[in-house]
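Novice: Before we start, here is the structure in question, set down as structure tokens.
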Amino acid sequence: MLIERLKVYVLNDNEGSPGFINEWGLSLFIEAGNLKFLFDSDSSPSVIEHNSKELGVDLGSASFFFLSHEHLGHLGGAEALPEGKLAYVPEGTRSSLLRKFKVVEINTTEEILLSGNYFMVLNI
């Protein structure tokens, strides 16, 4: 299935812009067709909460959270997401910041089926 529309909102990427706050970290809110998800969660919930409001992004509308790796600058803002969301994390991730999520560990190469769409995860 071809995705006809892709939007990537940069909630934080280490470089602040007027009206936004930033810290060391990365967080992207991605809309791919009808699917919405958070890729990494920055280092602070307050940063992604503030910046998502500035961009008009509803964090609660995310279907899931995807964590690239277990460093605070990619995981520390996870508290900003509602409890009970799916969280796809690298195998072996053990952070207590993930306790509120339904954690699914993924290994080196894995396909994830979401709403009828396949995503290939490659850990290179």
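The values are calculated or read from the model by the stated rules, or taken from the named source; none is laboratory data. Predicted model, so just to flag it, every value in this text is computed and none were measured. Quick reminder, even Gly has a Cβ in these numbers, built from the backbone with ideal geometry, and neighbours come from all protein chains shown.
Novice: Quick check on segment 46-64: of everything there that is in contact with a Phe, Trp or Tyr (Cβ under 8 Å, 6 or more places away or on another chain) and part of a loop (DSSP other than H, G, I, E, B), which residue is nearest to Val10 (Cα to Cα)?
Specialist: Checking each candidate, the answer is Val57.
Novice: Filter segment 67-101 for residues that are surrounded by 16 or more Cβ atoms within 10 Å (Cβ to Cβ), under 18 Å from Lys36 (Cβ atoms) and in contact with a Gly (Cβ under 8 Å, 6 or more places away or on another chain) and give the result.
Specialist: Gly77, Leu81, Phe101
Novice: How many residues are assigned to a strand (DSSP E or B), more than 12 Å from the chain's Cα centre (by Cα) and modelled with pLDDT of 85 or more when one looks only at segment 65-103?
Specialist: 2
Novice: Which residues, taken from segment 18-55, are small (Gly, Ala, Ser) and in contact with a strand residue (DSSP E or B) (Cβ under 9 Å, 6 or more places away or on another chain)?
Specialist: Scanning segment 18-55 gives Gly25, Ser27, Ala32, Gly33, Ser41, Ser43, Ser44, Ser52.
Novice: When you scan segment 18-26, do you find a residue that is under 20 Å from Val89 (Cβ atoms) and at pLDDT 90 or above, even just one?
Specialist: no
Novice: Of everything in segment 10-57 that's among the charged types (D, E, K, R) and within 16 Å of Leu75 (Cβ to Cβ), which residue is farthest from the chain's Cα centre (by Cα)?
Specialist: Glu23
Novice: Follow-up. How many of the residues making up segment 22-65 are surrounded by fewer than 16 Cβ atoms within 10 Å (Cβ to Cβ) and more than 21 Å from Val104 (Cα to Cα)?
Specialist: Counting residues in segment 22-65 that are surrounded by fewer than 16 Cβ atoms within 10 Å (Cβ to Cβ) and more than 21 Å from Val104 (Cα to Cα) gives 9.
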